[in-house]
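Colleague: My questions all concern the structure below.
Derivation of every value follows stated rules applied to the coordinates shown; laboratory data play no part. Every value quoted in this text rests on a predicted model; they were computed, and no experiment measured them. For neighbour counting, all protein chains shown are included, and Cβ atoms are generated from backbone atoms with ideal geometry for every residue, glycine included.
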Amino acid sequence: MLIYGHRGARGEAPENTLPSFRKALQAGVTRVELDLHLSSDHQLMVIHDPTLKRTTGIKGKVAALRAADLTRIDARLGLAGWAEPCPIPTLEQLFQACPEFEHYQLEVKSGSPAQSRRVIDAITRLVDAHGLADKVVITSSSRALLRHARDSGCPLPTGLVEEYGLLDPVKSALRYQCRFLVLSWKLCTPARVAQAHQHGLHVSVWTVNEPQLMLQLREMGVDSLITDVPQLAVTVLESGAAD
């Protein structure tokens, strides 16, 4: 089973910052999940929330500031007690700083039709410029974004992020021609994993931080897990023991 670091290594360094991504690499995890919002000048910023407050302490929206201003803002509030500043990175800065990553789940948080077009275009251009087309999947819970990706002929694979499961997640993923089904662990069952695999979907499960759950998901046949604690996940899955 593959391991994706959640926002880098969210449990070990400030989330979605370069130190967090380096922590994942130090654990030997070369796959990562991260979140994207567009700046006011349509640059891809690596940050989870549409607002700055939780991780920076500053009021304001990501979309209201230029990338040059955002990359000067310290986002270390994502993990209490971190000693050094951790600026909000652009996706391009991540690609340049951590070429060791083998695969990226790029989760797009906002999904109006106009925003979907802008963000997918921005991702496609940047991925093409860095030659990473075979190392990226665009994921989202936004049906508007996934619909736009499908209908516009987006060249990059997509994945449905599903937390609540009000509708059949497998059918929803297939409706939007996704290749990944990214499930909350609470929605993960052996039957659902088998159903997804019958249709060729890669099943990735989040957020998995408990050793016993890691092992249970592996037994279900899950393809990959997304974890805040990459080092722990490596240790548990290599040893096959929960303690």
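Colleague: Percent antiparallel among DSSP beta bridges with both residues in the chain, to the nearest 5?
Modeller: The antiparallel proportion sits near 15 percent.
Colleague: Would you mind telling me the antiparallel percentage of the DSSP bridges in the stretch 130-243, rounded to 5?
Modeller: In the stretch 130-243, approximately 0 percent of DSSP beta bridges are antiparallel ones.
Colleague: Grab the eigenvalues of the alpha-carbon gyration tensor for the chain, scale each by 5, take roots, and send me the semi-axes largest first in whole angstrom. The partial results should precede the final answer.
Modeller: Working: eigenvalues 141, 109, 46 Å².
So the equivalent ellipsoid measures 27, 23, 15 Å along its semi-axes.
Colleague: When the convex hull of the Cα atoms of the stretch 61-172 is projected onto a plane and the area is averaged over all directions, what value comes out in nm²? Mind dumping the intermediate values first?
Modeller: Working: hull surface 35.7 nm².
About 8.9 nm², averaged over all directions.
Colleague: Counting each DSSP H run of 4 or more residues in the chain as -39500 (n - 2.57), what helix-only mean residue ellipticity at 222 nm follows after dividing by all residues, to the nearest 500 deg cm²/dmol?
Modeller: My calculation for the chain gives -10000 deg cm²/dmol from helical runs alone.
Colleague: Put +1 on the Cβ of every Lys and Arg and -1 on every Asp and Glu Cβ in the stretch 164-243; which of VAL205, LEU167, VAL229 then has its Cα farthest towards the positive end of the dipole?
Modeller: The Cα lying farthest towards the positive end belongs to LEU167.
Colleague: Of the candidates ILE73, ILE88, ILE58, which one comes out as most mobile in a Gaussian network treatment of the chain with C-alpha springs shorter than 10 Å?
Modeller: ILE58
Colleague: For the chain, set up a Gaussian network in which alpha carbons nearer than 10 Å are linked by springs, and say which option among ASP69, ASP121, ASP223 fluctuates the most.
Modeller: Result for the chain, Cα springs under 10 Å: ASP69 fluctuates most.
Colleague: Also, quick follow-up: Which of ALA75, ALA144, ALA13 moves most in a GNM of the chain, Cα contacts under 10 Å?
Modeller: Result: ALA144 has the largest fluctuation of those listed.
Colleague: Do any GluC sites (Glu not before Pro) in the stretch 44-102 lie in a DSSP loop with no more than 15 other beta carbon atoms within 10 Å, and if so, which?
Modeller: GLU100, GLU102
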